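Structure, as structure tokens:
The values are calculated or read from the model by the stated rules, or taken from the named source; none is laboratory data. Everything numeric here is computed off the predicted structure, so don't read it as measured data. Here the Cβ positions follow ideal geometry from the backbone for every residue, glycine too, while neighbour counts run over all protein chains shown.
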Amino acid sequence: YTGPVSIPVVVNIIETVDGNVTQAQIDSQIAILNQDFNNNNPRTSNVPSEFAGLVADTDITFTLANVVRKVDTRTSWGTNDAMKLSSQGGIDATDTSNFLNIWVCEIGGGILGYAQFPGGSATTDGVVIGTDFFGETAAGGIYGKGRTATHEVGHWLNLRHIWGDGRCRQDDFVADTPTSDAPNYNCPSYPTVNCQSNDMTMNYMDYVQDDCMYMFSNGQNDRMRALFVPGGAREGL
Ligand code: ARG
Ligand code: ZN
Ligand code: CA
């Protein structure tokens with residue numbers, strides 16, 4: 001599918017104090033998603049020439065449709081989707097065929113966020129972002145620049161980690177992202193060589209810090225866009 005895609009977003013906030021997650025924090029996250037998926041991240045100018053021709057403008061925009069809030073003192077929701085179910089103290093998803101649901105809560109365990117790939121259960125479809133890593137926050141430190149949501153929405157749009165979650169021969173099913181054997185962290189210098197090729201460490205689907213990830217590749221764009229064709233897993237959007 002080619003052409004613009006517009007995705008309405010419902011932000012489900014479970015906070016320890018009402019209003020803790022400010023509207024400004026929410027707005028900053030939506031703005032960062034729009035930057036990153038439309039090749040407007042100012043740091044993209046740092047992409048080395050080897051990869052510059054592969055930088056994608058996915059032409060996917062995100063609009064804030066609704067904010068749902070709930071107060072709960074729990075500080076470690078974990079990763080078993082309890083935050084997505086009112087029966088477990090969370091907030092039920094809004095119409096996951098037509099909205100991207102983002103849950104914001106204290107995940108705990110040092111986890112920044114997690115996502116559900118396309119094709120999973122409708123009731124739990126969406127992404128979860130830890131409160132300190134949602135939008136621009138001081139509390140998030142080097143992960144406080146809103147790129148956890150970019151990474152998780154990448155998963156939600158069927159992207160795998162750039163290193164394929166395995167050793168050199170495990171693929172991420174994207175031809176233009178070089179093979180690697182493991183995640184990169186912090187802010188690697190270029191070139192970082194693994195599996196006899198230079199890693200695309202600045203890709204949103206690596207594990208580097210927020211300021212050091214600033215591109216999706218054209219192959220990743222194709223993989224995401226395949227979801228929006230008739231019969232595709234995200235065709236409702
Ligand atoms: N560890 C998480 C995941 O695999 C998120 C990583 C996000 N990275 C970042 N720089 N914000 O889904
Ligand atoms: Zn990931
Ligand atoms: Ca690849």
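Answer yes or no as to whether D222 is within 13 Å of ligand 3 (Cβ to nearest atom) and either among the acidic types (D, E) or more than 17 Å from the chain's Cα centre (by Cα) (or both). Spell out how you get there, then give the answer.
Values: within 13 Å of ligand 3 (Cβ to nearest atom): yes; either among the acidic types (D, E) or more than 17 Å from the chain's Cα centre (by Cα) (or both): yes.
So D222 passes the test.
For residues that are touching a strand residue (DSSP E or B) at 6+ places or on another chain (Cβ under 8 Å), surrounded by fewer than 22 Cβ atoms within 10 Å (Cβ to Cβ) and within 19 Å of W156 (Cβ to Cβ), tally how many sit in segment 6-31.
6
For residues in segment 135-151 being of a type outside the set (V, I, T) and surrounded by fewer than 23 Cβ atoms within 10 Å (Cβ to Cβ), which is nearest to C187 (Cα to Cα)? First the steps, then the outcome.
First pass over segment 135-151, keeping only residues of a type outside the set (V, I, T): 135-136, 138-141, 143-147, 149, 151.
Remaining after also requiring surrounded by fewer than 23 Cβ atoms within 10 Å (Cβ to Cβ): 136, 138-141, 143-145.
Working: E136: 18, A138: 18, A139: 19, G140: 16, G141: 14, Y143: 12, G144: 14, K145: 14 Å.
The qualifying residue nearest to C187 (Cα to Cα) is Y143.
Can you confirm whether T63 is surrounded by 15 or more Cβ atoms within 10 Å (Cβ to Cβ) and closer than 30 Å to N221 by Cα?
Numbers: surrounded by 15 or more Cβ atoms within 10 Å (Cβ to Cβ): no; closer than 30 Å to N221 by Cα: yes.
When the stated conditions are applied, T63 does not pass them.
Report, ordered by the first and then the second residue, all pairs with beta carbons closer than 6 Å, sequence separation of six or more or different chains, a first member in segment 98-116 that is farther than 20 Å from L159 by Cβ and in contact (Cβ under 8 Å) with a residue 12 or more places away in the chain, and a second member that is more than 16 Å from ligand 3 (Cβ to nearest atom) and among the β-branched types (V, I, T).
Within 6 Å, the pairs are V104/I13; V104/V21; V104/I129; V104/T131; C105/I14; E106/T75; E106/T131.
Report yes if G164 is assigned to a loop (DSSP other than H, G, I, E, B), surrounded by fewer than 18 Cβ atoms within 10 Å (Cβ to Cβ) and of a type outside the set (D, E), otherwise no. Don't jump to the end; show me each part of the working.
Values: assigned to a loop (DSSP other than H, G, I, E, B): yes; surrounded by fewer than 18 Cβ atoms within 10 Å (Cβ to Cβ): no; of a type outside the set (D, E): yes.
Considered against the rule, which asks whether it is assigned to a loop (DSSP other than H, G, I, E, B), surrounded by fewer than 18 Cβ atoms within 10 Å (Cβ to Cβ) and of a type outside the set (D, E), G164 comes out as no.
Need pairs with beta-carbon distance below 7 Å; first residue away from ligand 2 (no atom under 15 Å from the Cβ) and within segment 194-207, second among the acidic types (D, E); sequence gap 6+ or separate chains.
N194/D181; C195/D181; N198/E50
How many residues does segment 66-111 contain that are farther than 22 Å from Q220 by Cα and aromatic (F, W, Y)?
Residues flagged as farther than 22 Å from Q220 by Cα and aromatic (F, W, Y) within segment 66-111 amount to 2.
Give the residues of segment 176-220 that are more than 16 Å from ligand 1 (Cβ to nearest atom), part of a loop (DSSP other than H, G, I, E, B) and not β-branched (V, I, T), sorted by residue number.
Matches in segment 176-220: D176, P178, D181, S189, Y190, P191, C195, Q196.
Which of (1) within 9 Å of ligand 1 (Cβ to nearest atom); (2) at pLDDT below 95 is the odd one out, the single condition R169 does not satisfy?
Here R169 clears every test but (1).
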